[in-house]
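Visitor: Quick one: this structure, given as C-alpha cells, is what I'll be asking you about.
The values are calculated or read from the model by the stated rules, or taken from the named source; none is laboratory data. Small disclaimer: the values here were computed from a predicted structure and weren't measured. Neighbour counts are summed over all protein chains in view; Cβ atoms, including those assigned to glycine, are modelled from backbone coordinates with ideal geometry.
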Amino acid sequence: MSAVLAIDPTETGEFIAEPYQPEGATVIDCNVERIFYGDFLAVRDSTVPVEKNKITAFIGPSGCGKSTVLRSLNRMNDLIPVFRFQGRVDYHGQDIYAKDVDPVVVRRYIGMVFQQPNPFSMSIYDNVAFGLKLNKFKGDYDEKVQTALERAALWKEVKDKLKNSGLSLSGGQQQRLCIARAIATEPDVLLMDEPCSALDPIATRQVEELMLELRERFTVGLVTHNMQQATRVGDTTAFFSVDISKGGRTGYLVEMGPTQAVFEDPKQDLTKEYVRGEFS
Amino acid sequence: MASNPFTEVVTKISKAPSSGEYAADKLLRGIVWACAAVILLLVAYIVFELGRQAFPAIIRFGIDFLIGTTWDVQKQTFGILPEIWGTLFSSLLALLLGGGLGVAMAIFLTQDFLDDRVSNVFRTVVEMLAAIPSVVYGLWGIYVLIPLIRPASQWLNETLGWIPLFGTSLSGPGMAPAALVLAVMILPTVAAISVDAFRRVPYKVKEAAYGMGTTRWEAILKVMLPTASSGILAALVLGFGRALGETMALAMLIGNSNQISLSLFAPANTLASLLASSFPEAGPLEVKALMYAALALLAITLLVNILGLWVMKAATRKFEGKA
C-alpha cells in the first residue's frame, strides 16, 4: 500500500483539484473548505459530488482524509467534540450543516456501514428491525427483515437462528448483518467506510456484489483502501492525498472523475504515481 | 523442569528459560494457589463454625425458627420471620431507589453530558459517599433525615392512608428512613460499577447507534443500556448484597421492632440489626438462636448472589450470544 511517491507532496500545498462535473444528477454536493479537529487542519479544499444511483469511491493513502470527508456527509463526525466543518454539504439542495438541521434527521436518510462490524448486542432479527422500530415503521416487520437479510446475502445462513445474538456470527456475517441493518430502512444514500477491511476475500466478494445490487436502489459512497475494489465497483473515483507542507498532515482532493479515467488516464502526476505504484 | 530438545540449534541471543526462571514460575503459582485456598478455607470455616454454634438452636427450634414471629427471651421462643421480611423489604426498597439513582448517575457521567474532567470530579464525589462510616449515616438519619421526612410521611398517611405502604404514621425510626439511608449507602457501589460497565461499551457500538439516526436518548436506552446490561446487573447484585448485610445504620434507624408491615413508616427490624443489638446481652440459648439467625442471613446473601449470577448469565446469553 505504501508506494513511495516520486513526487514530493510538499509541492502541492496550494493545489486545488479541478472540480469534477458529473453528467447525471447528484444527490450530495460536498464542498469542503476546511475540516478541523481542534487546531489540526485535517482536510482542505475538496469538492466531491456524489451521483445518484452510482458508487462513488474515495481512495488515497492513509491519513488523506477520505474517511473524514465521507463521515462528514451524514454528520457522523459531530460525535467528535473537537470536529469543525467549514464549507457546505448540500443534500438535495439543502446544506446539512445549516444551523437548523438536526444531524439525527440527516442520518435517518443517509445510512452508514462502518469499518469494523458493529452489530448491537441483541438478536439478529432485532438488529435488522432496529431502524424500522426507530422510524416507527407500521407494516410487516418479518417481510422487511427477510428482504434486508436477503439483499445483504445473509438470509440463507441465518434464517433458522434469527433469535440468536448478532454477536454470535462470524466477522464477515456480522458485517453483512450491519449492511442489512443499514439498508432495512431503505435510506436514500448508503455510506460505507472501508466495509471490507475486516473481511476475508470471499466475504469481500459477496459484499462487493451486494454493493453493485444496492446501486440500483441507493446511492453509495465508498471509502476503500483496496484500489482493485475501487476499479471493480466504483463508478466514479475521488483520489485524495496528504499535504505535509504546513507541518501538519492535511488531506485534499487531487483528482476526481469516472473510475476508468482516473485509473487509466489520470490527469495529475500524483494520481499516476499512486495508481501505478499499486499495480506495477 | 521442562527439558530443552533444541540444544544443537546455534543461536547468539535466543535461549531456553533458565532453571531459575522455571523455579520462580513454580513458586509464583504455588503462592497464588495458597492465597486462593486460604480464602476458600476461611469461608468454609466460617460457615462450619456458625453451623456448629447454631446447631443446638437448629435442633431445638427447627423450621419454626424461620417462620416464627416472636423473639421473646423470657419465654425462650425465637422466630425471625419479621427480620427476614425486614431485611428483604428494606434492601429491595434501597435497591429500587439507590439502584435507579446509581444507574442514572452512571448514564449522566458516561454519556457525554459532561466533559471528562467534570465527570471525573463528579465520580470521585459519588465514590466518597462510600467512605462515610455507617454510624455517621445512622446519626445523620436520626438527626436530619427523620425530622425532614416526617411532615411528608404525615401527609401521605393522612391522605393516602388506604394504601398499605402509607398505612401508619412515622413516629421516629422506621422503614422509610432506613431504606433511604441504605439507598444512599449502595449508590456509590452501583454507580461506580455501572460507570465501568458503560465505559466498557466499545465506541463502535455508539457510532453504530448514532449512525442509524438515533437521538441521544434512543442511543442510550435502546443500545448502550442493553449492551452494558450484564455489568449493570452485577452492580445491582453487589448493591443489593451490601444492603442485606448493612448493620450499624439500620440498627440506629429501623426501630428494631419485631413486626411485619408493608407500611413504609412502621418500625421494623433486619437480621443484621437484630444480631448487632441482641448479642451484647444475650443468654446462652439466645446466642445459639442468634447464630442460627446469622446462618439464615448468610444463606439469604448467598442465594441472592447465586440468583444474581444466574440473571447476569441469562442477560449475557441473550445480548451477547455467549454461553
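Visitor: Go through B:L182, B:L187, B:L170 for me and flag whichever is crowded, with 22+ Cβ neighbours inside 10 Å, outside any helix (DSSP H, G or I) and touching a residue at least 60 places away in the same chain (Cβ under 8 Å).
Guide: Step by step, each of B:L182, B:L187, B:L170 is checked, and only B:L170 is crowded, with 22+ Cβ neighbours inside 10 Å, outside any helix (DSSP H, G or I) and touching a residue at least 60 places away in the same chain (Cβ under 8 Å).
Visitor: Give the residues of the stretch B:110-122 that are in a helix (DSSP H, G or I) and surrounded by 14 or more Cβ atoms within 10 Å (Cβ to Cβ), sorted by residue number.
Guide: Result: B:T110, B:S119, B:F122.
Visitor: Would you mind stating whether A:G131 is facing chain B (nearest Cβ under 9 Å) and either within 14 Å of the chain's Cα centre (by Cα) or closer than 19 Å to B:K222 by Cα (or both)?
Guide: yes
Visitor: Right, something else. I'm trying to understand the selection: among the residues of the stretch A:243-278, which are closer than 16 Å to A:T224 by Cα, of a type in the set (A, V, I, L, M, F, W, C) and modelled with pLDDT under 85?
Guide: A:V275 - this is the single residue of the stretch A:243-278 that is closer than 16 Å to A:T224 by Cα, of a type in the set (A, V, I, L, M, F, W, C) and modelled with pLDDT under 85.
Visitor: Please tell me if B:A106 is modelled with pLDDT of 90 or more, over 25 Å from B:V184 (Cβ atoms) and not β-branched (V, I, T).
Guide: no
Visitor: Suppose the filter is surrounded by fewer than 16 Cβ atoms within 10 Å (Cβ to Cβ) and either under 30 Å from A:D78 (Cα atoms) or hydrophobic (A, V, I, L, M, F, W, C) (or both); does B:L262 pass it? Talk me through it step by step, then tell me what you get.
Guide: Details: surrounded by fewer than 16 Cβ atoms within 10 Å (Cβ to Cβ): yes; either under 30 Å from A:D78 (Cα atoms) or hydrophobic (A, V, I, L, M, F, W, C) (or both): yes.
Judged against the criteria, B:L262 is a match.
Visitor: OK, next. Which is under 27 Å from A:Y109 (Cβ atoms) and either modelled with pLDDT under 90 or more than 13 Å from the chain's Cα centre (by Cα) (or both), of A:L214, A:L167, A:L191?
Guide: Only one candidate qualifies: A:L214.
Visitor: So A:R75 passes all but one of these: (1) in contact with a Pro (Cβ under 9 Å, 6 or more places away or on another chain); (2) within 14 Å of chain B (Cβ to nearest Cβ); (3) at pLDDT below 90. Which condition number does it fail?
Guide: The failed condition is (3).
Visitor: Within the stretch A:33-100, which strands (runs of 3 or more DSSP E) (wholly inside it) include 2 or more residues that are more than 26 Å from A:V275 (Cα to Cα) and in contact with a helix residue (DSSP H, G or I) (Cβ under 7 Å, 6 or more places away or on another chain)?
Guide: Filter on the stretch A:33-100 gives A:83-91.
Visitor: I would also like to ask the following. From B:I39, B:I58, B:I107, which residue is free of Cβ contacts under 8 Å to residues at least 24 places away in the same chain and in a helix (DSSP H, G or I)?
Guide: None of the others qualify; the one that does is B:I39.
Visitor: So A:G172 passes all but one of these: (1) in contact (Cβ under 8 Å) with a residue 12 or more places away in the chain; (2) within 13 Å of chain B (Cβ to nearest Cβ); (3) not polar (S, T, N, Q). Which condition number does it fail?
Guide: It is condition (2) that A:G172 fails.
Visitor: Can you report the number of residues in the stretch A:90-120 which are more than 20 Å from A:E33 (Cβ to Cβ) and among the charged types (D, E, K, R)?
Guide: Residues in the stretch A:90-120 being more than 20 Å from A:E33 (Cβ to Cβ) and among the charged types (D, E, K, R): 4 in total.
Visitor: Go through the residues of the stretch B:270-277 one by one and say whether even a single one is closer than 22 Å to B:F78 by Cα, crowded, with 20+ Cβ neighbours inside 10 Å and in contact with a Gly (Cβ under 7 Å, 6 or more places away or on another chain).
Guide: Yes: the stretch B:270-277 contains one or more residues that are closer than 22 Å to B:F78 by Cα, crowded, with 20+ Cβ neighbours inside 10 Å and in contact with a Gly (Cβ under 7 Å, 6 or more places away or on another chain).
Visitor: Restricting the first residue to the stretch B:294-322 and requiring it to be modelled with pLDDT of 90 or more, which pairs with a second residue that is polar (S, T, N, Q) and buried (at least 18 other Cβ atoms within 10 Å of the Cβ) meet a Cβ separation below 8 Å and a spacing of at least six or different chains?
Guide: B:L297/B:T87; B:I300/B:T87
Visitor: Are any of the residues in the stretch A:183-198 away from chain B (no Cβ under 11 Å), part of a helix (DSSP H, G or I) and either touching a residue at least 24 places away in the same chain (Cβ under 8 Å) or surrounded by 15 or more Cβ atoms within 10 Å (Cβ to Cβ) (or both)?
Guide: yes
Visitor: So, one more: Using the structure shown, decide if A:F137 is closer than 24 Å to B:L221 by Cα, within 14 Å of chain B (Cβ to nearest Cβ), touching a Lys or Arg at 6+ places or on another chain (Cβ under 9 Å) and in a helix (DSSP H, G or I). Before you say what the answer is, go through the steps one by one.
Guide: Details: closer than 24 Å to B:L221 by Cα: yes; within 14 Å of chain B (Cβ to nearest Cβ): yes; touching a Lys or Arg at 6+ places or on another chain (Cβ under 9 Å): yes; in a helix (DSSP H, G or I): no.
So A:F137 does not fit the description; no.
Visitor: As an exercise: evaluate A:R108 against (1) at the interface with another protein chain (Cβ under 10 Å from one of its Cβ atoms); (2) not in a helix (DSSP H, G or I) and give the number of the one condition it does not meet.
Guide: The one condition A:R108 does not meet is (2).
Visitor: OK, next. Taking the stretch A:115-128 as the search range and keeping residues that are surrounded by 22 or more Cβ atoms within 10 Å (Cβ to Cβ) and under 23 Å from A:T204 (Cα atoms), which one is nearest to the other protein chains (Cβ to nearest Cβ)?
Guide: Checking each candidate, the answer is A:N118.
Visitor: I'm told B:E83 meets every condition in (1) within 14 Å of chain A (Cβ to nearest Cβ); (2) crowded, with 16+ Cβ neighbours inside 10 Å; (3) charged (D, E, K, R) except one. Can you identify the failing condition by its number?
Guide: (1)
Visitor: Looking only at the stretch B:190-204, count how many residues are buried (at least 20 other Cβ atoms within 10 Å of the Cβ) and facing chain A (nearest Cβ under 7 Å).
Guide: Going through the stretch B:190-204 one residue at a time, the tally reaches 0.
Visitor: Could you please let me know if B:E158 is farther than 30 Å from B:L290 by Cβ, over 21 Å from the mean Cα position of the chain (by Cα) and more than 14 Å from chain A (Cβ to nearest Cβ)?
Guide: Criteria met by B:E158.
Visitor: Within the stretch B:207-236, can you find the residues that are within 7 Å of chain A (Cβ to nearest Cβ) and either among the acidic types (D, E) or in a helix (DSSP H, G or I) (or both)?
Guide: B:E207, B:A208, B:Y210, B:G211, B:E218, B:V223, B:P226, B:T227
Visitor: Does A:R151 satisfy the condition of being in contact (Cβ under 8 Å) with a residue 12 or more places away in the chain, among the charged types (D, E, K, R) and crowded, with 20+ Cβ neighbours inside 10 Å?
Guide: Considered against the rule, which asks whether it is in contact (Cβ under 8 Å) with a residue 12 or more places away in the chain, among the charged types (D, E, K, R) and crowded, with 20+ Cβ neighbours inside 10 Å, A:R151 comes out as no.
Visitor: Just to be sure before I move on: is B:L145 farther than 28 Å from B:R242 by Cα, away from chain A (no Cβ under 14 Å), touching a helix residue (DSSP H, G or I) at 6+ places or on another chain (Cβ under 7 Å) and surrounded by fewer than 23 Cβ atoms within 10 Å (Cβ to Cβ) in the structure I sent? Can you show your working first?
Guide: Details: farther than 28 Å from B:R242 by Cα: no; away from chain A (no Cβ under 14 Å): yes; touching a helix residue (DSSP H, G or I) at 6+ places or on another chain (Cβ under 7 Å): yes; surrounded by fewer than 23 Cβ atoms within 10 Å (Cβ to Cβ): yes.
It is false that B:L145 is farther than 28 Å from B:R242 by Cα, away from chain A (no Cβ under 14 Å), touching a helix residue (DSSP H, G or I) at 6+ places or on another chain (Cβ under 7 Å) and surrounded by fewer than 23 Cβ atoms within 10 Å (Cβ to Cβ).
Visitor: So, one more: Assigned to a loop (DSSP other than H, G, I, E, B), touching a residue at least 12 places away in the same chain (Cβ under 8 Å) and in contact with a Ser or Thr (Cβ under 8 Å, 6 or more places away or on another chain): is that true of A:F120 in this structure?
Guide: yes
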